[in-house]
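A quick write-up on the structure given underneath.
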Ligand SMILES: Nc1ncnc2c1ncn2[C@@H]1O[C@H](COP(=O)(O)OP(=O)(O)O)[C@@H](O)[C@H]1O
Ligand SMILES: [Mg+2]
């Protein structure tokens, strides 16, 4: 199996003594769509900051595309892993949106034409072309979040990591983000998203990692989000479709539908089967 990320017994403690990660052992498949779920303070952001070398393991190890995360490999990690921070204000700082998105590609040492092409492409992808000349400071939080996403897209990393990208996005921007993540994944990228949004995770991801208090509670397919003990222990909610299916007494389904549309199709087929006897 080809892994994008291999983490073995990772532990991390902040300077003030807070233990943020205890003993994380997970593998993330290359080309997967992985969602990391967990309530506030579970350790999601701390974990993601280990993926591109911002934090280095204090204990255990992190490997990205087979390469050990350490001081010597920092450049490789930054190039391979594009991380969209939880807070855009930690990431977006240039005088204009255009400059901000160009910052990463410029740092990669790309030619001017290539930088321009990438910036235009990325601004278009997140639908903020019209803000290119604006000061990020004058944009809304959700818009700054999209600038941060564009900045990472423009670097064309192998692994795309987004920390709570849905926060403060309106429904249209959420749909746009969904489509971007699908497109990147179809092009072969591994996409990792930390989120509270169980509906998004259930619908979009193929791999689910549930965290709680610096530990991994569970890793598996989306069926993880149908397991009551895990949902309860993690302080999460069932996805809406799962809640709906659970409400229908006596209904046993082999595969829980991922979307409301799929649930609708399932119900239609059950009703039709009931009506038409052969
Ligand atoms: N810079 C920091 N200094 C001290 N403690 C921190 C710092 N950042 C996060 N923490 C703590 O580490 C734990 C994990 O936080 P975090 O990784 O941000 O979780 P999540 O992203 O799941 O909300 C929390 O208890 C949080 O308060
Ligand atoms: Mg976080």
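Read the figures in this text as sums done on the coordinates, not as results from a lab. Quantities reported herein were computed from a predicted structural model and do not represent experimental measurements. Cβ: placed from backbone, ideal geometry, glycine included. Neighbour counts: every protein chain shown.
Observations on the structure shown:
- Only DSSP H runs of four or more residues enter the estimate; each adds -39500 (n - 2.57), and after division by the residues of the chain the mean residue ellipticity at 222 nm equals -11000 deg cm²/dmol.
- Kirkwood hydrodynamic radius (C-alpha pairs) into Stokes-Einstein, the stretch 5-160, 37 °C and 0.692 mPa s, D in µm²/s: 197
- Computed E for residue 72/residue 175 - FRET, C-beta separation, R0 51 angstrom, nearest 0.05: 0.80
- Order of 79, 183, 145 - criterion: other Cβ atoms within 10 Å of each residue's Cβ, fewest first: 183, 79, 145
- Peptides 92-102, 168-178 ranked from most to least packed by the mean count of surrounding Cβ atoms within 10 Å: 92-102, 168-178.
- Taken over the alpha carbons of the stretch 70-147 as equal point scatterers, the Debye sum produces base-10 log I(q)/I(0) values at 0.17, 0.18, 0.24, 0.28 Å⁻¹ of -0.68, -0.76, -1.20, -1.40.
- For the peptides 252-260, 220-228, 4-12, 104-112, the ranking by mean Cβ contacts within 10 Å, running from highest to lowest, is 4-12, 220-228, 104-112, 252-260.
- Simple label model, 7 Å out from Cα along Cβ direction - residue 261 to residue 158, nm: 3.3
- The P(r) of the chain has a tail past 34 Å containing 24 percent of all C-alpha pairs.
- Stretchable slack from residue 29 to residue 14, in nm (0.36 nm times residue separation minus alpha-carbon distance): 2.6 nm
- The antiparallel fraction among DSSP beta bridges confined to the stretch 83-232 stands at about 40%.
- DSSP beta bridges fully contained in the chain are about 50 percent antiparallel.
- The stretch 1-86 pair-distance distribution - Cα-Cα, 10 Å bins, rounded %: 17, 53, 28, 2
- Orientation-averaged projected area, Cα convex hull of the stretch 139-230 (nm²): 6.7
- Nearest-0.05 FRET efficiency for residue 270 and residue 141, computed from C-beta distance (R0 45 Å): 0.55
- Cα-Cα P(r), the stretch 239-278, percent of pairs per 5 Å interval: 5, 23, 32, 23, 11, 5, 1, 0
- Sorted peptide list for 134-141, 196-203, 149-156, criterion being average Cβ within 10 angstrom, highest first: 149-156, 196-203, 134-141
- Residues of the stretch 184-207 falling in the label zone of residue 79, defined by backbone nitrogen less than 19 Å from a point 7 Å along Cα to beta-carbon, are 189-190.
- In the chain, Cα pairs under 8 Å separated by at least six residues give a relative contact order of 22 percent.
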